[in-house]
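One structure is given here, and the rest of the page talks about it.
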Amino acid sequence: MDATAIESGLHTAYAGKSILITGQLFSDAERYTYYSTNKFLATEKDSSAIWISTDTPYDKIKERFAEYGFPLEPVRNGKSPRGTLHLLDLISYKAGVTRKKCDDCRYIQDPSNLTELALAIKEIMTDKKCGLLVLDSLNSLLVYNDLTKTLQFLRFLSASAYEKKMALLIYFVSGERDPRTETSIKMATDVVLSFEHDHLMLQSGTSQKSFGFDFSGPKLRLSHP
C-alpha cells in the first residue's frame, strides 16, 4: 500500500497527516512535491489545494510546474477543469516584484507575520473544499522566522490538516540546518519521505520502509531494493 500511495501522490492514503518531503539540494524531493500536487489536482476535480510559496513568485511557480512536466490548467472565472490550486505568495511583496491580479493567488505582505498567513489559510479552507496543503519550502520560512515560531506554525498546519482530513506536504532541503534542528522538524510531522540518491525512505512512528525508484519520466515508479 505504501508504494502505491507514494506513486499516487499521498493525498488519499495520508489524508489528515503531515508529510515532510526531504532530500539534499537538487534531489528529486522538490520535483516529487510538484508531482504529488499534480496528482491531487488531476484526480480531485471538485477540490482545492493550497500552496504556500515562501520564496518563489506566482508566475514562476506556474512555470516550474510546466518545467517538471505538470502544466497547470488556467483558472477562468474561478473555475478549473481540474482541481484548483490556490497560491499564497509570501515573496512578491518582500521582493518588490509586480503583483498580478488573479483568481487563484493571494499575496502575503510579510513572511514573518505567520498570523496573517494562518488567517489567509483559514479563509480559503472556509470558502473552499480543500484536500491538500503544501508548504514550499520550510527552509525559506525559517529565514524569516525563528525555529520555535516556525515549529508552532507547523503544528497549526498539522492540526488544520487533521481537522479537515487533508494531506499536508512540507518540502525541506536537508543538510542546511544542524542535526538537532532537523530532528525537531521531523518530530513536528507524522511521516518523513526522504529522497537519498537512488532510493527513498518512508518513515513514521510505527514503520520504516525503503524503496528503489525511477523518476526519469513523468511517472514515479518504485521498486523494493
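The values are calculated or read from the model by the stated rules, or taken from the named source; none is laboratory data. Owing to the predicted nature of the structure, the values given are computational and were not obtained by experimental measurement. Positions of Cβ are backbone-derived with ideal geometry, glycine not excepted, and every protein chain shown enters the neighbour counts.
Under the condition of being farther than 16 Å from Ala5 by Cα and either at pLDDT 95 or above or assigned to a strand (DSSP E or B) (or both), the residues counted in region 177-198 number 14.
Pairs are defined by a Cβ separation below 6 Å, a sequence spacing of at least 6 or placement on different chains, a first member in region 14-40 that is among the small types (Gly, Ala, Ser), and a second member that is at pLDDT below 95 and buried (at least 20 other Cβ atoms within 10 Å of the Cβ); the pairs so defined are Ser36/Gly9; Ser36/Leu10. Scanning region 115-127 for residues that are under 21 Å from Leu141 (Cα atoms) and free of Cβ contacts under 8 Å to residues at least 40 places away in the same chain yields Thr115, Glu116, Ala118, Leu119, Ala120, Lys122, Glu123. Where strands (runs of 3 or more DSSP E) fall entirely within region 1-120, those with at least 1 residues that are within 29 Å of Gly205 (Cβ to Cβ) and not aromatic (Phe, Trp, Tyr) are at 18-23, 48-53. Counting only residues that are modelled with pLDDT of 95 or more, farther than 19 Å from Ser18 by Cα and part of a loop (DSSP other than H, G, I, E, B), region 121-150 holds 2 of them.
Of all the numbered requirements in (1) in a helix (DSSP H, G or I); (2) in contact with a strand residue (DSSP E or B) (Cβ under 6 Å, 6 or more places away or on another chain), Phe153 misses one, and that requirement is (2). Can you name every residue in region 101-113 that is under 17 Å from the mean Cα position of the chain (by Cα) and in contact (Cβ under 8 Å) with a residue 40 or more places away in the chain? Cys105, Pro111, listed by residue number. What residue, of Ala42, Ala95, Ala66, Ala3, is within 25 Å of Thr189 (Cα to Cα) and either surrounded by fewer than 16 Cβ atoms within 10 Å (Cβ to Cβ) or not charged (D, E, K, R) (or both)? After ruling out the rest, the residue left standing is Ala3.
Condition check ((1) basic (Lys, Arg); (2) at pLDDT 95 or above) across all residues:
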{"site": "Ser53", "(1), (2)": "no, yes"}
{"site": "Arg76", "(1), (2)": "yes, no"}
{"site": "Leu87", "(1), (2)": "no, yes"}
{"site": "Ala95", "(1), (2)": "no, no"}
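For region 39-74, which residues satisfy the criterion of being of a type outside the set (Asp, Glu) and more than 28 Å from Glu116 (Cβ to Cβ)? The answer is Lys39, Ala42, Thr43, Lys45, Ala66, Tyr68, Gly69, Phe70, Pro71. Taking the criterion of being assigned to a loop (DSSP other than H, G, I, E, B) and loosely packed, with under 11 Cβ neighbours inside 10 Å, the residues of region 199-220 that qualify are Gly205, Thr206, Ser207, Ser216, Gly217, Pro218.
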